[in-house]
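Student: Before we start, here is the structure in question, set down as structure tokens.
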Amino acid sequence: MKVVEWLGDRVRILDQTKLPHEEVYLELSDYPSIASAIVELKIRGAPAIGVVAGYGIALGVQKIETSSKEEFLEKFQDVVGTIAATRPTARNLFWTIDWMQKVVAGGQDIGQIKQALVEEAIKIHSEGVEADEKLSQHGAGLIQDNFTILTHCNTGALATGGYGTALGVIKKAEEQGKNIKVLVTETRPLLQGARLTTWELKKTNIPYRLITDSMAGYFMSLEKVNCVIVGADRIAANGDTANKIGTYSLAVLAKENGIPFYVAAPTTTIDLSLASGDEIPIEQRSPDEVTHIQGVSIAPEGTQAQNPTFDITPYRYITAIITERGIMQEPYGDGLRVIA
Ligand code: MRU
């Protein structure tokens, strides 16, 4: 399964809005269509957004026709602005943009910069794949044989363009021969758990059961959950973590029930410029995603709804943060500063 593939002059993505019933690939050759694909969640998950953003910027600059460096830089900022305006919470998106800005600032002539941006986009992708592999390896050490693991949203290959983060840890533990069972929360409103995590787990043959988000407390209270593992969209300098809406509730429930709560993310998700989760921007999406399921209305016409896409889990609920550079526990501030 190739979730994101660079084809030299365009990028190919698996359209996640069509899963699990249809496997449709899209070929995108310009940056506005890449920005739209990100906004519409055709490609999603913070690390995968970071990867595709790199390819989007690289493609965008190829089409800038000018010999004036000043004009080139202006048009480069237009490309970056469009890509940056897609998903505000995903730290990896802005990490990619910062990287690309540095490449341009350090570049010589326009031709060399154009070439360098393609090379760097490919590098961001391959380093992401490596990070997934390493963090999954580290995290698998926390998983014992016969564990039942609860996970939220989708954090697998679909969300990273590599091996996955939280789901990568689960897959790695299973590859090591451990007997693992997974509880998958459906993840309203857009059902990333029900549509995407189940689809990935089915392919790997890891046993899983789908539950609604509101069933999580019931299963935790029955002592049928050994740990919770989730991904992250952004981790602040103190360890507070933004992730898919509903993550905070799961963390509080885990603490109440004495269940370890792990966050798995590459270091590109860490944002040391923000002191705490209070400063993390939370994406607000259309209320229609709440009043409708897969386009079908479920509420009376005119119903007001709210749709914050992520919530913040305070660091004190997080047992450990798993990254490609190691596993950290409280106090997170020191550890995050060293590894990020
Ligand atoms: O809105 P989404 O589907 O992009 O949200 C994704 C998540 O919340 C993931 O948990 C997070 O990006 C980490 S993915 C490895």
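Student: Provide the per-residue ³J(HN,Hα) series for the stretch 228-241, in order, calculated from phi with Karplus coefficients 6.51, -1.76, 1.60 and θ = phi - 60°, each as a whole number of Hz, with x at glycine and proline positions.
Tutor: Ordered by residue, 3J(HN,Hα) equals 10, 10, 10, x, 8, 9, 7, 10, 6, 4, 9, x, 4, 10 Hz.
Student: How about the stretch 174-279: which trypsin sites (Lys or Arg not before Pro) there are in a DSSP loop, with at most 14 other Cβ atoms within 10 Å of their Cβ?
Tutor: Qualifying residues, ordered by number: K224.
Student: Summarise the long-distance tail of P(r) for the chain by giving the % of C-alpha pairs beyond 35 Å. Can you show the working numbers first?
Tutor: Working: 11451 of 57630 pairs.
The answer is 20 percent, as a whole percent.
Student: Can you give the angle from 0 to 90° between the axis of helix 46-62 and the longest principal axis of the chain, with both taken from C-alpha atoms, to the nearest 10?
Tutor: Compared with the principal axis, the helix lies near 10 degrees.
Student: On a 0 to 90 degree scale, rounded to 10, what angle separates helix 91-105 from the longest Cα axis of the chain?
Tutor: Once rounded, one gets 20 degrees.
Student: A further question follows. From the phi angles alone, apply the Karplus equation (6.51, -1.76, 1.60; θ = phi - 60°) to the stretch 312-322 and give each ³J(HN,Hα) in whole Hz, x where the residue is Gly or Pro.
Tutor: Result, ordered by residue: 10, 9, x, 4, 5, 8, 9, 6, 7, 10, 9 Hz.
Student: Provide the descending list of Cα extents for the stretch 136-339 along its principal axes, expressed in whole angstroms.
Tutor: Projected onto the principal axes, the Cα atoms of the stretch 136-339 cover 50, 40, 34 Å.
Student: Quick one: D213, D240, D271, fewest Cβ neighbours within 10 Å first, how do they rank?
Tutor: Going from least to most buried by this count: D213, D271, D240.
Student: Hey, got the dipole for the chain? About the Cα centre, +1 on K and R Cβ, -1 on D and E Cβ, debye to the nearest 20?
Tutor: So the magnitude is around 800 debye.
Student: Please list, in order along the stretch 292-307, the HN-Hα scalar couplings obtained from phi with the Karplus expression 6.51 cos²θ - 1.76 cosθ + 1.60 (θ = phi - 60°), rounded to whole Hz, x for Gly and Pro.
Tutor: Couplings: 10, 10, 6, x, 9, 5, 10, 9, x, 4, x, 4, 7, 9, 10, 9 Hz.
Student: While we're here: Based only on other Cβ atoms within 10 Å, what is the fewest-to-most ordering of V169, V79, V118?
Tutor: Ordered from fewest to most neighbouring Cβ atoms within 10 Å, V169, V79, V118 come out as V118, V79, V169.
Student: Considering only L28, I83, V104, whose Cα is most displaced toward the positive end of the charge dipole of the stretch 4-133, charges sitting on Cβ of Lys, Arg (+1) and Asp, Glu (-1)?
Tutor: Toward the positive end, the furthest listed residue is I83.
Student: Right, another one. Using the 10 angstrom Cβ neighbour count as an exposure proxy, how do I113, I83, I293, I235 rank, fewest first?
Tutor: Arranged by neighbour count, lowest to highest, I113, I83, I293, I235 become I293, I113, I83, I235.
Student: Can you list residues from other chains, or at least 5 along the same chain, whose modelled amide H is less than 5 Å from the amide H of I270?
Tutor: Sorted by chain and number, the residues that satisfy this are I235.
Student: Quick one: putting +1 on the C-beta of Lys and Arg, -1 on the C-beta of Asp and Glu, what dipole do you get for the stretch 136-339 around its Cα centre, in Debye to the nearest 20?
Tutor: On the way: 17 positive and 21 negative charges, 133 e Å.
The dipole magnitude comes to about 640 debye.
Student: Turning to a different aspect of this structure: Give me, ordered by chain and number, the residues 5 or more places off Y208 or on other chains with an amide H under 5 Å from its own placed amide H.
Tutor: Residues meeting the amide H criterion: V182.
Student: Rounding to the nearest 20 debye, state how big the charge dipole of the stretch 4-133 is about its Cα centre with +1 on each Lys and Arg Cβ and -1 on each Asp and Glu Cβ.
Tutor: Details: 13 positive and 21 negative charges, 53 e Å.
Charge dipole, the stretch 4-133, about its Cα centre: 260 debye, nearest 20.
Values quoted throughout were computed directly from the atomic coordinates according to the rules given, and no laboratory measurement underlies them. Please read these numbers as outputs of a predicted model, since none were measured by experiment. Neighbour counts run over all protein chains shown; Cβ positions are idealised from the backbone, glycine included.
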